[in-house]
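Working notes, structure below.
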Number of protein chains: 2
Amino acid sequence: MSIQFQIGATDGPARVGRLTIPHGVIETPVFMPVGTLASVKGVPQDVLEELGVEILLGNTYHLYLRPGIETIRRMGGLHGFMSWDRAILTDSGGFQVFSLNELRKVSEDGVTFRSHLDGSSHFFSPESAMEAQIGLGADIIMAFDECTEYPAERERARASMEMTLRWAERSKKYFEEHKNEVPWRTRYLSADREGKQVLRFAQDDNSDGGDRHYQTQSLFGIVQGGMDLELRRESALRTVEIGFPGYAIGGLSVGEPRELTREVVESTLEHLPADKPRYLMGVGTPEEISEYARMGVDMMDCVLPTRAARHGLLFTSEGKVSIKQARYTQDEGPLDPNCGCLVCRRYSRAYLRHLYASNELLGQVLNTIHNVTYYLDTMRAVRHAIQLGERARFLSEQSGPKP
Amino acid sequence: MSIQFQIGATDGPARVGRLTIPHGVIETPVFMPVGTLASVKGVPQDVLEELGVEILLGNTYHLYLRPGIETIRRMGGLHGFMSWDRAILTDSGGFQVFSLNELRKVSEDGVTFRSHLDGSSHFFSPESAMEAQIGLGADIIMAFDECTEYPAERERARASMEMTLRWAERSKKYFEEHKNEVPWRTRYLSADREGKQVLRFAQDDNSDGGDRHYQTQSLFGIVQGGMDLELRRESALRTVEIGFPGYAIGGLSVGEPRELTREVVESTLEHLPADKPRYLMGVGTPEEISEYARMGVDMMDCVLPTRAARHGLLFTSEGKVSIKQARYTQDEGPLDPNCGCLVCRRYSRAYLRHLYASNELLGQVLNTIHNVTYYLDTMRAVRHAIQLGERARFLSEQSGPKP
């Protein structure tokens, strides 16, 4: 089996689960930090491991442009290329291309777009997006979809949703025919010259019958339908009919009010199978990821913690901290007194403020480490709360009046 | 004792030594990475500790401007401010102000200069430079000197040297009168809420008679004299006459040819007392620091490894690598096959090249970690070679013909 999803405790619509994929076992609900260009900006992979990051997200559009899919494929995919042996998920490039606005042209075939780097012309189709994602070799890859713009007329949203469904079929067909081409290598541990255990790679000839011989990536479908709940329902049902081992809710966080996001998410979740992982793409603040997890979402990703960190905006148990403010110049306290991350254990707000104000690289590094920790801790707390909720329900049922 | 210097093995003019100062014991010859603004750009302090960095250099001029001496002083000096419990050395600001060229005006009193940040006007004298360095609280601080420009007429070099000598006297006088004002705090280990040992600080009331009660910073003198060997000799002898626990050779790497640097260093070293640490300021390449150490230099610092790293220039056992080059795009090998640093153990040249080409923060972080390691390893190899040299001489004397 290349993917398994076991649900543990539940509490209302929320559930904790265990997602087993080729490069790891992930406790859900999970937040996936974004490593756009095969790096979570500024944070070495060993630090991500220490923080407990179990799955990263990579962006196909960006990696396709730099360093190019072929370069990564030849090195065993993203895992080999960036020396990350835990799980990875890649997006399909659809949303990124959508974000290019003026630089793209959509047809039934696919999307012609211009690189944001040099203006060169490129083309993504469901087939080429699958080919790219197979080359990148993430554990979970995404169907190529069209992200409907906001606002959109109902007919436009329907037409877009219908095309996403046709593209989902084409994505699945290409993936099924090519999934054995994933460039994973057999991994083995060996000792380096100092006797330390290091991970080495050898080209997998796919003939040794090893553990990973029969393992492949998993392709998730994406529900679209704009902000129309009826279209969302239809999109969900028809995507499930095509059949995927997991389902994403796409097309949100595109400018709509948060209350509308919430409504679409809640209503879409009802139409997704309970026994499959549900991935809400591109959200959100710590409060939002917490709330969506309570609604039954299993996976989320967002650039917010990492991007905000580089701009000096930090999430803490006492609220947001804009570390650039002069009020922190002499503040000897830790960034977040309730956080156990390596930044909060060692450095003061005054030091972080100085690094930011002096434009020191280390500021961006430390801020990112803290914010990623804060997001992971938020998900840990949610998982714990779901487990406690089930336990409390069980106890209250046990102690209730006997019939 | 606030400073002790014990010489171990010697091999010709070269020696290995052990420098004991309040925040650590340093094996010499030592290379000191530069942490201009209280950070070795991009590298967290715990990584510096792992790399084996025992002493860092901070720049008084830069720290005086940002975040300001008073901010750092209030937090227990640089050690408290940047949460670095190992040794630190600060320069006097003299060289940095010298580098401002058009923005400074020198008189017998001191130097008026304009900030490179906002053009505001400031003044450094031997007294104010000492006051600043006492506030920063480095283990070793430097006399305020005038760095003679290159080239300079003999009379100009003499006048400048004479002023540096007068400034050395003033520096020493101020330091002796104020050295008990160093803002160090009593440190103690305590357990954090997860049971991990963390370093905490408490204001030292200087009344508990603890280990550090009688410890102070150490002030080193600086030899100037331009490129004139006779002036260098005189500067050395008269600086030694003033009396310091260590001596630096300043005014080099200011544009002169390397052969001349070497000549001035060699000739100046002859006039410095053998039992005191000798610090050559602002050099150099790995080959140069190796060579100077063989000539009898004990301490060196340079921005080269860290600055070059940020520009993609890496030092390896196989020569310099410019990681931006397209030839590394597909290169799966480690940056330096003979290096055991965390970068060479984990990442490929192809990945480092990608990070550089994509302007990813992590590239600067990893490159800096490697280059600092390479410099530290170079010094380790030199120390080892000196020890082997003494051992070989000893053995050859033992086995020589009996008289």
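The values are calculated or read from the model by the stated rules, or taken from the named source; none is laboratory data. Just so it is clear, the model here is predicted, and its values are computed rather than measured. Every residue, glycine as well, gets a Cβ built from its backbone with ideal geometry; the counts of neighbours run over all protein chains shown. The area values use the complete protein model at the heavy-atom level, side chains included, leaving out ligands, DNA and RNA. Shrake-Rupley method; radii C 1.70, N 1.55, O 1.52, S 1.80 Å.
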For segment B:36-54, enumerate the residues that are open to solvent by less than 10 Å² (accessible area, probe 1.4 Å), under 16 Å from the mean Cα position of the chain (by Cα) and small (Gly, Ala, Ser). B:38, B:39
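Any residue that is within 14 Å of chain B (Cβ to nearest Cβ), closer than 23 Å to residue A:254 by Cβ and not in a helix (DSSP H, G or I) - is there at least one of those in segment A:86-98?
At the first step, the residues of segment A:86-98 found to be within 14 Å of chain B (Cβ to nearest Cβ) are A:86.
Of the ones still in play, those that are also closer than 23 Å to residue A:254 by Cβ are none.
No, segment A:86-98 has no match at all.
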Counting only residues in segment B:1-39 that are in a loop (DSSP other than H, G, I, E, B) and of a type in the set (S, T, N, Q), the one nearest to residue B:216 (Cα to Cα) is identified as B:2
Are any residues in segment A:216-242 assigned to a helix (DSSP H, G or I), under 18 Å from residue A:156 (Cα atoms) and acidic (Asp, Glu), and if so, which ones? A:230, A:234
Would a scan of segment A:58-66 turn up a residue that is within 13 Å of chain B (Cβ to nearest Cβ), under 13 Å from the mean Cα position of the chain (by Cα) and under 24 Å from residue A:168 (Cβ atoms)? yes
Evaluation of residue A:105 against (1) within 9 Å of another protein chain (Cβ to nearest Cβ); (2) open to solvent by 20 Å² or more (accessible area, probe 1.4 Å) (one fails), failing number: (1)
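Return yes or no: is residue A:375 more than 19 Å from residue B:366 (Cβ to Cβ), modelled with pLDDT of 95 or more, within 8 Å of chain B (Cβ to nearest Cβ) and open to solvent by less than 10 Å² (accessible area, probe 1.4 Å)? Even if it seems obvious, please write down each step before you answer.
Numbers: more than 19 Å from residue B:366 (Cβ to Cβ): yes; modelled with pLDDT of 95 or more: yes; within 8 Å of chain B (Cβ to nearest Cβ): no; open to solvent by less than 10 Å² (accessible area, probe 1.4 Å): yes.
No: the conditions fail for residue A:375.
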Please go through segment B:99-140 and give me each residue that is part of a helix (DSSP H, G or I) and in contact (Cβ under 8 Å) with a residue 24 or more places away in the chain, ordered by number. B:126, B:127, B:129, B:130, B:131, B:132, B:133, B:134, B:135, B:136
Could you check how many residues of segment B:66-80 are open to solvent by less than 10 Å² (accessible area, probe 1.4 Å) and either charged (D, E, K, R) or assigned to a loop (DSSP other than H, G, I, E, B) (or both)? 2
Where a residue in segment A:340-356 is more than 13 Å from residue A:321 (Cα to Cα) and open to solvent by 10 Å² or more (accessible area, probe 1.4 Å) and its partner, wherever it lies, is modelled with pLDDT under 95 and of a type in the set (Val, Ile, Thr), with Cβ under 7 Å and at least six apart: A:345/B:198
I'm told residue A:253 meets every condition in (1) modelled with pLDDT under 95; (2) within 30 Å of residue B:46 (Cβ to Cβ) except one. Can you identify the failing condition by its number? (2)
Please work out which one of (1) more than 27 Å from residue B:253 (Cβ to Cβ); (2) within 8 Å of chain A (Cβ to nearest Cβ); (3) open to solvent by less than 10 Å² (accessible area, probe 1.4 Å) is the condition residue B:361 fails and give its number. (3)
Can you name the number of the only condition in (1) within 20 Å of the chain's Cα centre (by Cα); (2) at pLDDT below 95 that residue B:149 fails? (1)
When you go through A:115, A:83 one by one, which is the residue that is open to solvent by less than 10 Å² (accessible area, probe 1.4 Å), out of contact with any Cys (no Cβ under 9 Å at 6 or more places or on another chain) and within 14 Å of another protein chain (Cβ to nearest Cβ)? A:115
For residue A:386, are the conditions met, namely being more than 30 Å from residue A:148 (Cβ to Cβ), under 23 Å from the mean Cα position of the chain (by Cα) and either within 14 Å of chain B (Cβ to nearest Cβ) or open to solvent by less than 20 Å² (accessible area, probe 1.4 Å) (or both)? yes
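Every residue, every condition in (1) in contact (Cβ under 8 Å) with a residue 12 or more places away in the chain; (2) crowded, with 24+ Cβ neighbours inside 10 Å; (3) in contact with a helix residue (DSSP H, G or I) (Cβ under 9 Å, 6 or more places away or on another chain); (4) within 23 Å of residue B:7 (Cα to Cα), yes or no:
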| site | (1), (2), (3), (4) |
| --- | --- |
| B:226 | yes, yes, yes, no |
| B:231 | yes, no, yes, no |
| B:234 | yes, no, yes, no |
| B:251 | yes, yes, yes, no |
| B:254 | yes, no, yes, no |
| B:265 | yes, no, yes, yes |
| B:278 | yes, yes, yes, yes |
| B:290 | yes, no, yes, yes |
| B:321 | yes, no, yes, no |
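Mind telling me which of the residues B:330, B:325 ends up being more than 13 Å from chain A (Cβ to nearest Cβ) and farther than 30 Å from residue B:252 by Cα?
Values: B:330 fails: more than 13 Å from chain A (Cβ to nearest Cβ).
Criteria check complete, one pass: B:325.
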